[in-house]
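Undergrad: Encoded as structure tokens, here's the structure I'll be asking about.
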Amino acid sequence: MEHLVRSCYKQGGYVFAKKADEIVRDYRIDRIARLASNENPEPPSSLAIAAAEEALRHANRYPDERVDILTDALRGRFGTYHFVTGVGMDGVIETLIRTLVEPGESVAISTPTFSFYGLSAVAQGAKIINVPRKKDFAVDPKKLIKVGKTAKITVICSPNNPTGNATPVEVVEEVLQGISGVLFLDNAYIEFSDYDYLPLLKTYDNLIIGRTFSKVHSLAGLRIGYAFVPEWIVPFYQRASTPFTVNMVSAAAAAGAIRDQDHMTRYIVQVKRWRKRFADKVKFPVLPSDANFMMIDISPHTSDEVVEKLSQQGVIVRSCRGFAGLPDHYIRVSIGEDWENDRFVNAINQL
Ligand code: PMP
């Protein structure tokens, strides 16, 4: 019966990191350094946990479809912006593409970058146009604008996954002015950088800025994302969204988490400290990063070979082989707890 499946799902798909329990089983190592998915290693804020526990008591009812508890908290933190929410930023991306892109229309993506924009656009019947970054992985605004003149959505990830570099505000503004559709600016890792793109929202009504609770806020397991959007899109996004998308436990936890600045700051301090240490201690070239992960050039080795060797030593990192447009000699390592980072440095320097 497999012939019934749509051709876009016959191969490919999202690449998941190796599971910690597989390594425990395969190599009999009981404590694994989990540095493949750019999560905050600290458990969620106690404010998030308390709010989630309380919300769970009311889970016999459907959640508030407008997710006011969360959008109110976001307004409390950032000011009077318009927001949409979703099941992770992945859910937001998926719904935005569903809202805007007709089958056959194009989506321009500055690559190499996070894979889900492309996967989601293809599933929507869109045409993907990958626009290569420059040699140093900086966005090429001229090339992106050329394609963005006909694309419905143009995508820039900043700081970029997996390369780690952020795009200057002026370059983002140049792209916003040159394209004819919407710019989706993925800010999943923005809290680890010193960049601020929010002022652009006041001027440009074709800018959408995606964010997530999966990284600095320690809530990856609850799948919650949001975006700063222009007001015009809100009713259409809601129409395109699955009803009751964001569950009440996740919404409450996120509203609690965004109020806990100390929890965020602890990890941001850790990230900034270790970006420098990785650059100093790792014997391979480490690319400068504005995020909570770093990309490392492990040539003459290849990505999968290094990922396998590190996992034998109880360290999970991400192979960059699957990132379109990237040569096969990079790995991406997240910044975790001290013992995890130390173990990674020891393991990689033994190669
Ligand atoms: N954007 C980027 C750049 C990411 O790296 C990720 C997750 N790895 C996401 C979006 C998706 O985040 P979420 O967990 O909120 O779906």
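Undergrad: Under unit Cβ charges (Lys, Arg +1; Asp, Glu -1), what dipole magnitude, rounded to 20 debye, does the range 1-55 have relative to its Cα centre? Kindly include the intermediate steps, with their values, before the conclusion.
TA: Working: 8 positive and 9 negative charges, 82 e Å.
So the dipole magnitude of the range 1-55 works out to roughly 400 debye.
Undergrad: Using a Gaussian network model on the chain with a 10 Å cutoff between Cα atoms, which of 297, 186, 262 fluctuates the most?
TA: 262
Undergrad: While we're here: Over its Cα atoms, what ratio of radius of gyration to 2.2 N^0.38 Å does the range 16-96 give? Before the final figure, lay out the partial values.
TA: Values: Rg = 17.8 Å, N = 81, 2.2 N^0.38 = 11.7 Å.
In units of the globular-protein estimate, the range 16-96 measures up at 1.52.
Undergrad: GNM, the chain, Cα, under 10 Å: largest mean-square fluctuation among 56, 310, 144?
TA: Of the options given, 56 has the highest mean-square fluctuation.
Undergrad: If you wrap a convex hull around the C-alpha atoms of the range 46-257 and split its volume per residue, what is the figure in Å³?
TA: Per residue, the Cα convex hull of the range 46-257 comes to 111 Å³.
Undergrad: So how strong a dipole does the chain carry about its Cα centre when Lys and Arg Cβ are +1 and Asp and Glu Cβ are -1, to the nearest 20 debye?
TA: Numbers: 42 positive and 41 negative charges, 112 e Å.
The calculation lands at about 540 debye.
Undergrad: Taking the range 1-107, which trypsin sites (Lys or Arg not before Pro) meet the DSSP loop condition and have no more than 13 other C-beta atoms within 10 Å?
TA: Details: sites: 6, 10, 18, 19, 25, 28, 31, 34, 57, 61, 66, 75, 77, 98; in loops: 6, 10, 18, 19, 28, 31, 57, 61, 66.
Those satisfying the criteria are 6, 10, 19, 28, 31, 57, 61, 66.
Undergrad: Hey, if we sort 269, 107 by accessible area with the 1.4 Å probe, largest down, what's the order? Kindly include the intermediate steps, with their values, before the conclusion.
TA: Values: 269 75, 107 0 Å².
The ranking, largest first, comes out as 269, 107.
Undergrad: Compute, for the range 225-296, the length of the dipole vector about the Cα centre, with Cβ point charges of +1 (Lys, Arg) and -1 (Asp, Glu) only. Units Debye, rounded to 20.
TA: Values: 10 positive and 5 negative charges, 103 e Å.
In total the dipole reaches around 500 debye.
Undergrad: For residue 266 and residue 232, compute 0.36 nm times the residue count separating them, minus their Cα-Cα distance, and round to one decimal in nm.
TA: On the way: separation 34, 0.36 × 34 = 12.24 nm, distance 3.68 nm.
Gain in length upon complete extension: 8.6 nm.
Undergrad: In addition: Full extension from residue 30 to residue 150: what is 0.36 nm times the residue separation minus their Cα-Cα distance, to one decimal in nm? Don't skip to the end; give the middle numbers.
TA: Values: separation 120, 0.36 × 120 = 43.20 nm, distance 5.22 nm.
Taking 0.36 nm per residue and subtracting the Cα distance, the gain is 38.0 nm.
Undergrad: Hey, another quick one. How big is D, in µm² s⁻¹, for the range 53-96 by Stokes-Einstein at 4 °C and 1.567 mPa s if Rh is the Kirkwood radius over C-alpha pairs? All intermediate terms of the calculation are to be shown ahead of the outcome.
TA: Details: Rh = 12.0 Å.
Approximately 108 µm²/s, per Stokes-Einstein.
Undergrad: Round to a whole angstrom and tell me the spacing of the C-alpha centers of the range 111-151 and the range 180-236.
TA: 18
Undergrad: Would you be so kind as to identify which of 120, 234, 160 lies farthest towards the positive end of the dipole of the range 46-257, taking Lys and Arg as +1 and Asp and Glu as -1 on Cβ and the Cα centre as origin?
TA: Farthest along the dipole direction, towards plus: 120.
Undergrad: Here's a follow-up. With every protein chain in place, what's the accessible area of residue 105 (1.4 Å probe, Å², nearest 10)?
TA: That residue has around 60 Å² of solvent-accessible surface.
Undergrad: Rg/Rh for the range 156-232 to two decimals, with Rh computed the Kirkwood way over all alpha-carbon pairs. Don't jump to the answer; show the numbers that get you there.
TA: On the way: Rg = 12.6 Å, Rh = 13.0 Å.
Ratio of gyration radius to Kirkwood radius for the range 156-232: 0.97.
Undergrad: Which value in nm describes the separation of the simple spin-label points at residue 60 and residue 170, placed 7 Å from the Cα toward the beta carbon?
TA: The two pseudo-label positions are separated by 6.1 nm.
Undergrad: Test of the criteria: in the range 1-85, which chymotrypsin sites (Phe, Trp or Tyr not before Pro) are in a DSSP loop and have at most 15 other Cβ atoms within 10 angstrom of their Cβ?
TA: Details: sites: 9, 14, 16, 27, 78, 81, 83; in loops: 14, 16, 81.
In loop regions of the range 1-85 (DSSP not H, G, I, E or B), the sparsely surrounded chymotrypsin sites (Phe, Trp or Tyr not before Pro) are 14, 16.
Undergrad: Separate question: Toward the positive end of the charge dipole of the range 46-257, about the Cα centre and with charges on Cβ (Lys, Arg +1; Asp, Glu -1), which of 150, 214, 187 goes farthest?
TA: 150
Undergrad: Accessible area per residue of the chain at 1.4 Å probe, in Å²? Provide the component values of the computation, followed by the final result.
TA: Numbers: 16280 Å² over 351 residues.
Ligands and nucleic acids excluded, the figure is 46 Å² per residue.
Undergrad: Let me ask something else. Please identify every one of the chymotrypsin sites (Phe, Trp or Tyr not before Pro) in the range 216-246 that sits in a loop by DSSP and has no more than 12 other beta carbons within 10 Å of its own beta carbon.
TA: Numbers: sites: 226, 228, 232, 236, 237, 244; in loops: 244.
Qualifying residues, ordered by number: 244.
Undergrad: Given a 1.4 angstrom probe, I'd like the percentage of the accessible area of the chain that is carbon and sulfur, rounded to a whole number.
TA: Details: 8540 of 16280 Å².
Within the chain, the accessible surface is 52 percent carbon and sulfur.
The values are calculated or read from the model by the stated rules, or taken from the named source; none is laboratory data. All of these numbers come straight from a predicted model, not from anything done at the bench. Positions of Cβ are generated from backbone atoms using ideal geometry, with glycine treated the same way; all protein chains shown enter the neighbour counts. Accessible surface areas use protein heavy atoms only, side chains included; no ligands, DNA or RNA. Shrake-Rupley method; radii C 1.70, N 1.55, O 1.52, S 1.80 Å.
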